[in-house]
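Comments concern the structure below.
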Amino acid sequence: MSVRQPQRILEVESLRVEYRLRRSIVPAVDGVDLSVGGGERVGVVGESGSGKSTLAFSIMRLVRPPGVIAGGSIRLHGADLTTLSENEMIGVRGSEMAMIYQDPLTYLNPVLRVGDQIAESLISHRRLERREARNEAIRLLERLHLPSPRSIAEAFPHQLSGGQRQRIIIGIAIACRPKLLIADEPTTALDVTVQAEILKLIDELVVELGMSLLLISHDLAIVAALCERVYVMYAGRFVETGPIESVYRAPKHPYTEALLGASVTLLEPRSRFRTIPGAPPDLAHLRSGCRFADRCPLRMDICAQYPPAFPVGSNWTASCWVHADARTDESPRVSRPR
Amino acid sequence: MVSMASDRLDASAVFAANRLALLGLVLIALFVALAVLAPLLAPYPPLKGSGPALAPPREAHFFGTDDLGRDVFSQVLYGTRVSLLVGLSSATISGIIGVLVGATAGFFGGIVDDSLMRLTDLFQVIPRIFLSILLVALFGQTLTVTTIAIGILSWPGTARILRAEFLSKRTADYVTAARSIGAGPAELIFREILPNALAPVIVTSSLLVGSAILLEAGLAFIGLSDPNQVSLGRMISAALPFMRDAWWMSVFPGVVLFSITLGFNLIGDGLSDMMNPRLRR
Amino acid sequence: MHAPMSLLELVDLVKEFPAPAGLLQPRHGVVRAVNHVSLQVEQRETVGVVGESGSGKTTLARLALHLIDPTRGHVRFLGRSLENLSAGELRALRAHMAIIFQDPYASLNPRQHVDYILGRPFDLHTRLSRREIRRKVLNLLDRVGLSPAVDFARKFPHQLSGGQRQRVAIGRAVALEPKLIVADEPVSSLDVSVRAQILNLLRDLQSDLGGSYLFISHDLSVVHSISDRVAVMYEGEIVEEGRAPDVFLNPAHPYTQLLVASIPEHLKERRVDFVAGKGDAIGAKDPQGCIFRLRCPYAMPRCSEAEPPLLNAGEGHSARCFLLEETLPPANWVLTRAWTDATGSGEPPV
């Protein structure tokens with residue numbers, strides 16, 4: 001397993017990110033607390049509209065108007081990123097923390113050879129000479145398990161396959177050995193066999209370079225494969241967070257439970273899928289109270305008040321009134337075992 | 001998710017927010033009103049002398065009189081009519097031709113596309129003035145000939161735009177879906193793709209009206225327009241010898257011409273902006 | 001058992017496209033998207049087609065409905081060869097087949113409202129009056145779960161969510177109660193929870209209307225959950241075919257084993273060490289022998305000499321692999337052994 005250093009690499013507190021539109025203000029991320037320790041792997045799971053991508057981009061301070069960080073703090077090694085200027089952020093991105101994205105083609109420069117794109121990162125952050133940077137880039141390509149690294153380095157992005165491009169993106173991200181790697185749906189656009197290889201690669205690199213990993217995905221299984229802890233996100237807030245094995249085996253929040261129930265897996269025989277009635281709420285017109293209430297089978301009157309995060313186990317909380325009186329070890333399961 | 005107001009409300013909101021586009025709309029509305037009401041508003045018949053020659057603007061003649069004693073204001077009103085009529089008609093003609101050619105080329109591709117594009121090239125290369133002169137010489141100096149001449153000279157741009165739209169949209173899933181339930185080529189062109197492809201055409205067409213009006217004025221300026229109709233271009237042409245002494249003969253038609261063209265251009269720009277944010281939104 | 005005549009028969013289909021010049025490809029040439037594929041779909045059956053990008057499954061979907069012409073081979077629907085039909089006959093036959101696409105944002109015409117979209121099939125193939133069509137459309141909306149129907153009928157596609165649009169697309173597909181529906185990745189673009197709803201809907205519609213599905217997807221779990229039989233495609237060929245539980249839980253072809261071993265659930269269970277970089281390379285395709293042999297750790301000399309035919313791997317289960325003729329056929333080794341480049345050793349599973 002990973003070696004866990006005591007300090008927190010990333011500490012997000014009460015983060016609020018809004019989209020300020022002409023007719024409304026949409027709170028895409030609405031008061032979120034998240035932390036990642038040294039060498040730790042943490043996942044954020046949610047469907048579209050949950051705000052998870054906005055969260056990832058805000059941590060990197062890549063959110064552009066009409067999106068705005070409206071409150072809270074993002075501490076990387078103790079330094080609050082929300083107070084830094086754009087110039088200072090440029091220094092941080094790539095060297096302290098880096099991100100890999102869903103669609104490599106849109107994030108690679110189509111007119112630069114990929115070897116050069118990796119070298120650029122090395123030159124600007126680690127101040128290497130061009131020749132040194134080129135050689136380091138080729139070593140990196142080898143480390144990324146790309147065949148014939150020298151010819152790949154000469155290639156342009158459109159000449160490579162999806163999986164190869166994703167490896168390049170990973171290469172650019174880790175070239176300067178950042179402490180934190182954020183991966184936003186890194187394999188969604190890839191074939192399943194390629195996905196397996198990329199996940200393995202991320203896994204290896206995270207261990208080898210002692211990085212922390214923040215993995216964002218809608219795919220519960222991927223997060224389970226790579227992460228130790230998970231945050232479940234719904235309508236801009238976290239509804240449950242805890243150790244992966246525990247959360248998946250015995251979810252404490254009705255949404256987590258429903259999400260797991262609706263997931264289609266190979267290992268279960270054919271059956272009718274359980275679905276979640278209704279639809280996610282309109283973020284522009286949120287009512288107070290629990291946001292999952294009108295879709296929740298356990299809805300009670302008190303759900304008109306937003307539930308705080310109740311402890312339901314060690315390092316494990318769930319924002320559901322069902323756990324209001326429970327003590328850590330005896331909190332009830334949300335529903336029947338799956 | 002974010003709820004959206006109905007698409008049309010949003011789009012016209014963008015248009016409305018674009019002050020310049022609104023200005024364009026106001027201008028054109030004004031001129032259209034003037035043109036339509038010309039018979040009612042014109043104090044004198046435009047082509048008959050109604051006062052002393054070369055009289056400056058005053059109460060009896062708002063815009064003064066020209067060298068033949070004809071009221072400039074009345075002429076301007078009727079001239080606006082002609083400009084708008086020619087501009088809109090020729091833009092419509094070129095629009096129709098452009099759409100038919102572009103849609104056919106873009107949808108069928110292959111040899112059909114190649115031949116139609118060569119035809120388009122041909123029409124684009126011909127100098128407009130020379131062709132107009134030729135047509136007028138052949139068919140006479142009437143408003144109809146002018147309109148048709150301008151119409152058949154302006155369609156290549158529209159055709160290319162529409163062809164590009166068709167090329168990109170004909171492989172869209174919704175088109176394939178229509179094919180899969182048994183729709184034929186005519187249905188696919190007119191019911192499926194065309195409604196989605198018209199947006200850029202509408203924009204260029206409004207800009208085209210502006211340039212058609214200018215072209216008509218140009219033709220009139222060099223004497224190729226119908227002598228029995230008032231034309232702003234002809235007015236300016238006739239005012240040349242009197243530029244210094246009777247500024248009102250050229251300035252008023254000039255300002256009107258400029259304003260009409262500006263109005264259509266502003267509307268075109270506004271429409272162009274309106275089409276885009278809808279996608280971004 | 002089966003009806004005497006299959007509903008859909010794909011007979012030795014080949015589809016070639018002109019090849020673009022690429023990094024390692026010759027300047028001129030053809031790409032064989034579909035390479036001698038034969039497949040049957042019976043009445044009331046769901047046949048799944050699984051494959052990754054480049055497998056040819058999307059091309060196959062379009063060939064099945066004659067939306068593109070095959071280079072060789074033919075497609076028989078209800079016993080009639082689709083290439084030989086006149087335009088009118090083909091059009092009439094289209095009332096019995098339908099397609100659902102992956103992208104719910106692209107498969108509905110943005111300028112048409114739902115009422116019109118759902119009414120088109122009736123317009124084209126029936127002589128019903130406006131009022132009767134309207135009634136059918138409202139029924140359809142109810143049936144696919146878009147209620148109140150009257151409200152949804154008025155809407156334009158951009159006013160609907162992804163799941164709602166897909167329901168409209170499904171409604172359009174089942175409007176005339178076709179015998180065959182080709183579904184090309186119908187749930188891949190949808191959220192996890194919406195996916196479940198749509199799969200339930202598809203299943204309900206099948207049991208109500210008795211049609212057949214040709215269900216194409218890259219997602220093994222989804223295909224497994226809805227299919228009776230499955231065909232696994234790789235590089236334009238079917239490499240394995242059989243009943244869904246047999247193919248997925250007891251895969252005979254090494255590629256299928258690789259696919260199954262790659263799903264995230266198996267990653268979590270740490271039952272497999274991953275493939276070490278052998279896949280995911282754009283290499284020149286070697287036309288000799290088995291198409292998978294360049295990636296296969298079990299490759300034998302005979303694999304480069306001839307292409308294996310579909311060999312028997314069990315009842316109604318076949319795979320294109322010479323290992324099936326060897327005395328010890330591999331039984332899902334990938335899930336219990338390391339699949340490495342250099343050493344190919346491992347113990348047979350328990």
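As a summary of the residue check, C:His36 satisfies the conditions (1) in a strand (DSSP E or B); (2) at pLDDT below 90 except for the one numbered (2).
Would you say C:Leu108 is in contact (Cβ under 8 Å) with a residue 40 or more places away in the chain and either surrounded by 20 or more Cβ atoms within 10 Å (Cβ to Cβ) or not in a helix (DSSP H, G or I) (or both)?
Details: in contact (Cβ under 8 Å) with a residue 40 or more places away in the chain: yes; either surrounded by 20 or more Cβ atoms within 10 Å (Cβ to Cβ) or not in a helix (DSSP H, G or I) (or both): yes.
So C:Leu108 passes the test.
Taken over the stretch C:146-165, residues that are modelled with pLDDT of 90 or more, more than 12 Å from chain B (Cβ to nearest Cβ) and out of contact with any His (no Cβ under 9 Å at 6 or more places or on another chain) amount to 6. Looking across the stretch B:182-217 at every residue that is open to solvent by 20 Å² or more (accessible area, probe 1.4 Å) and facing another protein chain (nearest Cβ under 9 Å), the one that is nearest to the chain's Cα centre (by Cα) is identified as B:Pro195.
Taking first residues from the stretch A:166-188 that are at positive phi and partners that are surrounded by 23 or more Cβ atoms within 10 Å (Cβ to Cβ) and not hydrophobic (A, V, I, L, M, F, W, C), the Cβ contacts under 7 Å between residues at least 6 apart in sequence or on separate chains come to A:Glu185/A:Ser217. Scan the stretch C:211-219 and tell me whether some residue there is in a loop (DSSP other than H, G, I, E, B), over 29 Å from C:Arg243 (Cα atoms) and within 10 Å of chain A (Cβ to nearest Cβ). Looking through the stretch C:211-219, none of the residues is in a loop (DSSP other than H, G, I, E, B), over 29 Å from C:Arg243 (Cα atoms) and within 10 Å of chain A (Cβ to nearest Cβ).
If the requirement is being touching a Ser or Thr at 6+ places or on another chain (Cβ under 6 Å), at pLDDT 85 or above and among the hydrophobic types (A, V, I, L, M, F, W, C), which of these qualifies: B:Ile236, B:Ile181, B:Ile193? Spell out how you get there, then give the answer.
On the way: B:Ile181 fails: touching a Ser or Thr at 6+ places or on another chain (Cβ under 6 Å); B:Ile193 fails: touching a Ser or Thr at 6+ places or on another chain (Cβ under 6 Å).
Matching residue, one of B:Ile236, B:Ile181, B:Ile193: B:Ile236.
When residues in the stretch C:70-89 are screened for being in contact (Cβ under 8 Å) with a residue 40 or more places away in the chain and out of contact with any Lys or Arg (no Cβ under 7 Å at 6 or more places or on another chain), 8 of them pass. How many residues does the stretch A:138-154 contain that are away from chain C (no Cβ under 11 Å) and open to solvent by less than 40 Å² (accessible area, probe 1.4 Å)? Residues flagged as away from chain C (no Cβ under 11 Å) and open to solvent by less than 40 Å² (accessible area, probe 1.4 Å) within the stretch A:138-154 amount to 5.
Mind telling me which of the residues B:Gln124, B:Gln75 ends up being modelled with pLDDT under 90, surrounded by fewer than 21 Cβ atoms within 10 Å (Cβ to Cβ) and assigned to a helix (DSSP H, G or I)?
Working: B:Gln75 fails: surrounded by fewer than 21 Cβ atoms within 10 Å (Cβ to Cβ).
Exactly one residue qualifies, and that residue is B:Gln124.
Residue-by-condition table, conditions (1) basic (Lys, Arg); (2) under 21 Å from the mean Cα position of the chain (by Cα); (3) open to solvent by 70 Å² or more (accessible area, probe 1.4 Å):
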| residue | (1), (2), (3) |
| --- | --- |
| A:Pro65 | no, no, yes |
| A:His77 | no, yes, yes |
| A:Val92 | no, yes, no |
| A:Gln102 | no, yes, yes |
| A:Glu120 | no, no, yes |
| A:Arg126 | yes, no, yes |
| A:Arg134 | yes, no, no |
| A:Phe156 | no, no, no |
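Taking the criterion of being touching a residue at least 40 places away in the same chain (Cβ under 8 Å) and in contact with an Asp or Glu (Cβ under 9 Å, 6 or more places away or on another chain), the residues of the stretch A:121-142 that qualify are A:Leu122, A:Arg126. For the stretch C:191-203, the criterion of being more than 9 Å from chain A (Cβ to nearest Cβ), farther than 23 Å from A:Thr188 by Cα, among the charged types (D, E, K, R) and in a helix (DSSP H, G or I) is satisfied by no residue at all. Please determine whether any residue of the stretch C:89-102 is open to solvent by less than 20 Å² (accessible area, probe 1.4 Å), closer than 30 Å to C:Asp12 by Cα, of a type in the set (Gly, Ala, Ser) and in a strand (DSSP E or B). Scanning the stretch C:89-102, I find at least one residue that is open to solvent by less than 20 Å² (accessible area, probe 1.4 Å), closer than 30 Å to C:Asp12 by Cα, of a type in the set (Gly, Ala, Ser) and in a strand (DSSP E or B), so the answer is yes.
Filtered by the rule that a residue be in contact (Cβ under 8 Å) with a residue 60 or more places away in the chain and outside any helix (DSSP H, G or I), the stretch B:127-157 gives B:Gln141, B:Thr142.
The residues of the stretch A:21-47 that are at pLDDT 90 or above and among the basic types (Lys, Arg) amount to a single one, A:Arg41.
Here the stretch C:276-323 is the region considered, the condition is being within 25 Å of the chain's Cα centre (by Cα) and among the aliphatic types (A, V, I, L, M), and the residue that is modelled with the lowest pLDDT is C:Ile282. Among the residues making up the stretch A:11-63, those that are open to solvent by 10 Å² or more (accessible area, probe 1.4 Å) and among the hydroxyl-bearing types (Ser, Thr, Tyr) are A:Ser14, A:Tyr19, A:Ser24, A:Ser35, A:Ser48, A:Ser53, A:Thr54. Can B:Pro57 be described as out of contact with any Gly (no Cβ under 7 Å at 6 or more places or on another chain) and either open to solvent by 50 Å² or more (accessible area, probe 1.4 Å) or not aromatic (Phe, Trp, Tyr) (or both)? So B:Pro57 does not fit the description; no. Here C:Arg167 passes the criteria (1) assigned to a loop (DSSP other than H, G, I, E, B); (2) without any contact (Cβ under 8 Å) to a residue 60 or more places away in the chain; (3) under 28 Å from A:Ala189 (Cα atoms); (4) of a type in the set (D, E, K, R) except the one numbered (1). Being of a type in the set (Phe, Trp, Tyr) and under 15 Å from the mean Cα position of the chain (by Cα): is that true of C:Tyr255 here? Answer is no for this residue.
Of the residues that make up the stretch C:232-246, is at least one open to solvent by less than 10 Å² (accessible area, probe 1.4 Å) and either within 11 Å of chain A (Cβ to nearest Cβ) or of a type in the set (Ser, Thr, Tyr) (or both)? Among the residues of the stretch C:232-246, at least one is open to solvent by less than 10 Å² (accessible area, probe 1.4 Å) and either within 11 Å of chain A (Cβ to nearest Cβ) or of a type in the set (Ser, Thr, Tyr) (or both), which makes the answer yes.
Among the residues of the stretch B:78-111 satisfying the criterion of being over 16 Å from the mean Cα position of the chain (by Cα) and more than 20 Å from B:Val201 (Cβ to Cβ), which is modelled with the highest pLDDT? Here the answer is B:Ile111.
Filtering the stretch B:156-181 down to residues that are more than 14 Å from chain C (Cβ to nearest Cβ) and open to solvent by 10 Å² or more (accessible area, probe 1.4 Å), which residue is nearest to B:Val125 (Cα to Cα)?
Applying the first criterion (more than 14 Å from chain C (Cβ to nearest Cβ)) to the stretch B:156-181 yields B:156-164, B:166-167.
In the following step, the residues that additionally are open to solvent by 10 Å² or more (accessible area, probe 1.4 Å) were identified as B:157, B:160-161, B:163-164, B:167.
Values: B:Gly157: 12, B:Arg160: 14, B:Ile161: 17, B:Arg163: 18, B:Ala164: 20, B:Leu167: 23 Å.
The qualifying residue nearest to B:Val125 (Cα to Cα) is B:Gly157.
The values are calculated or read from the model by the stated rules, or taken from the named source; none is laboratory data. Only a predicted model underlies this, so the values are computations on that prediction, with no experimental measurement involved. Virtual Cβ from ideal backbone geometry, glycine too; neighbours counted across all protein chains shown. The protein model used for the area step is the full one, side chains on, heavy atoms only, and it has no ligands, DNA or RNA in it. Shrake-Rupley method; radii C 1.70, N 1.55, O 1.52, S 1.80 Å.
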